[in-house]
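No lab work stands behind these numbers, since they all come straight from the coordinates. Everything numeric in this text was worked out from a predicted model, so none of it was measured. Cβ atoms come from the backbone with ideal geometry, glycine included; neighbour counts cover every protein chain shown.
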Amino acid sequence: MRRDAATLPLKRAQGTPYIVLVIVEPSSIGVPYYPTNDFGPLMKGLVIGGLGIFHVFLAQFAIGGGVLMTYFEWLSGKGKLASARKFTSGYFKLLVLVSFVVGALTGVGMWFTSIQTSPRTIGLMVDTFHWVWATEWTFFALEVIAGYCFYRYGDRLDGRSRLFLLGLYTTAAWFSLFWINGILSWQLTPGAWLESGDLWAGFFNPTFWPSLFFRTFAAMAIAALVAALVISASPSLERDEQKELLHRAAQLLAPMALMPLLGAWYLFAMPKDSRSWVLGGSPAMSMFFGLGAGASLLVGLYAIFGLLLRRLYINSATASLLLVLGFAATAGGEFVREGARKPFTVRETLYSNAMTPAEIVTMREKGSVTGDPYPLRDAADYPNDQVRLGAKVYRFQCSVCHTVGGVNGIVHLAGTWTAEQTRLNVAKLQHTKPFMPPFAGTPEELEALVRFIEWESASRPKDFEVTSDPATRAQIKRWLDEAGTAPGYTTAAEKKR
């Protein structure tokens, strides 16, 4: 049977206890409401997305750094790279400082922002993969323990013990990625989990393997790019030592040339509608996909032809530029991964505004904010109850992806539309922009949202007319019925049949 996210709070209460932050009992329409946070002119997705890209970059540096140091330590033990041990000890100190400390802080920041941005999505992920996440934590703990042991005692150990400790750290770090990758890729392609609810069907989903290979290669490349910067900027290394170390580090960088192929594999493992956003349906996603693929290709080709074949020496400026390209590739990949899920946060289960498909149907009849217990901030500033209702509808349905007048602001997007255009476009929202969920609510709520947008576009006047034309409400109802409650891509496909 298919999982219904609407029952999640009740299922959690009956299962194994764990800490839940703020949760409100489901309302009369079966929806759990959560308090929301306003990040001012920054949309919530930008806050968590920006922090997420930085965190992923650091986490992949930690994983790839283990691979690089294990490889270098093996070369040192075989007598193939005399300066490897000296480099490894210094590089690991940088990894511990940057990845362990800053990575840990950004990891906590990810949880802090995500429970404010989409607590219901996080709740579903924890509920579904509770023990998988616990397993990942054991590998993360082993990674940290092995890392700090090497940091503290590495210089006192013989080569064999150093290699074992680095190998343990690398294995634990990669398996931490393995478990997290299954959870994150499940959001886009839950696969057979949708029907069976089977954990492993969701974990080993259609994008699991392309995503895992993509992240593994990216991790090695990031570590090699950081190594190139450290090597070129190190005053303790001779020029010949630097060139040899750079040549060896480039061997982990060369697979970046395959990233466009891995990206294509990942792209064609996506659902057709998600793939369409990347291939032109969403200009922003197409741009970021091209950015990620192009930056990866440039870095990979430079590593192959410049560092491996011609054994070029690169200075710290060039190394820094390559590292920036690596960060751009990471940003492009993460933006596409997040954006391709639209209009869902968990495909066919939770929309991007944390409502289930079944709840959309109910809200069309009973309203979306009927049971919302949270008051508006500065409620007295609104000119009438209709605008106040519109503000609540905006907060519940729109604010996770939009601001009022900041980044991706509704005033900028809809402020120049006529009232009739706004009513039609919102009523048929999933057809206006298929990567957006259907409007959830009654004709009265939709009209209130339209009036809220118009009031904000008019610079929030003190006096603002209340609209109550029955014919307008009836027209909105007809448009809502015509649009239906299915995602836009689903109804579009049905029309072609």
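Values for this structure:
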item: Dimensionless Rg ratio for segment 186-234, taking C-alpha atoms and the 2.2 N^0.38 Å reference; result: 1.79
item: At 1.002 mPa s and 20 °C, Stokes diffusion of the chain via Kirkwood alpha-carbon radius, µm² per second; result: 87 µm²/s
item: Efficiency of FRET between E420 and K272 - r from beta-carbon atoms, R0 51 angstrom, step 0.05; result: 0.95
item: Reduced Cα scattering model of segment 368-496, Debye log10 I(q)/I(0), q = 0.10, 0.15, 0.21 Å⁻¹; result: -0.31, -0.69, -1.35
item: Per-residue Cβ neighbour rank within 10 angstrom, fewest leading, D273, D378; result: D378, D273
item: Value in Å of the Kirkwood radius, where segment 98-230 supplies the Cα pairs that are averaged; result: 16.6 Å
item: Tensor-based shape of segment 243-322 (alpha-carbon gyration tensor, a/c under 1.5 rounded, otherwise prolate or oblate); result: prolate
item: Aspartates and glutamates with Cα under 20 Å of K462, excluding same-chain neighbours fewer than 8 positions away; result: D378, D381, D385, E447, E454
item: Cα centroid of segment 202-242 to Cα centroid of segment 450-487, whole Å; result: 52 Å
item: Potential extension, T467-R377 segment - 0.36 nm per residue separation minus Cα distance; result: 30.1 nm
item: Stretch gain in nm, segment L199-D127, where the contour uses 0.36 nm per residue and the Cα spacing is subtracted; result: 24.9 nm
item: Sequence-distant lysines (8 or more away, or on other chains) whose Cα lies within less than 30 Å of K243; result: K78, K80, K86, K93
item: Cβ-based exposure ranking for F289, F464, F87, in which fewest neighbours within 10 Å come first; result: F464, F289, F87
item: Fewest-first sequence of V98, V404, V411 by Cβ atoms within 10 Å of each Cβ; result: V98, V411, V404
item: MRE, 222 nm, helices only [DSSP H, n ≥ 4, -39500 (n - 2.57), over the chain, to nearest 500]; result: -20500 deg cm²/dmol
item: Set of lysines with alpha-carbon distance to K477 below 28 Å, sequence-local pairs under 8 removed; result: K342, K366, K392, K428, K433, K495, K496
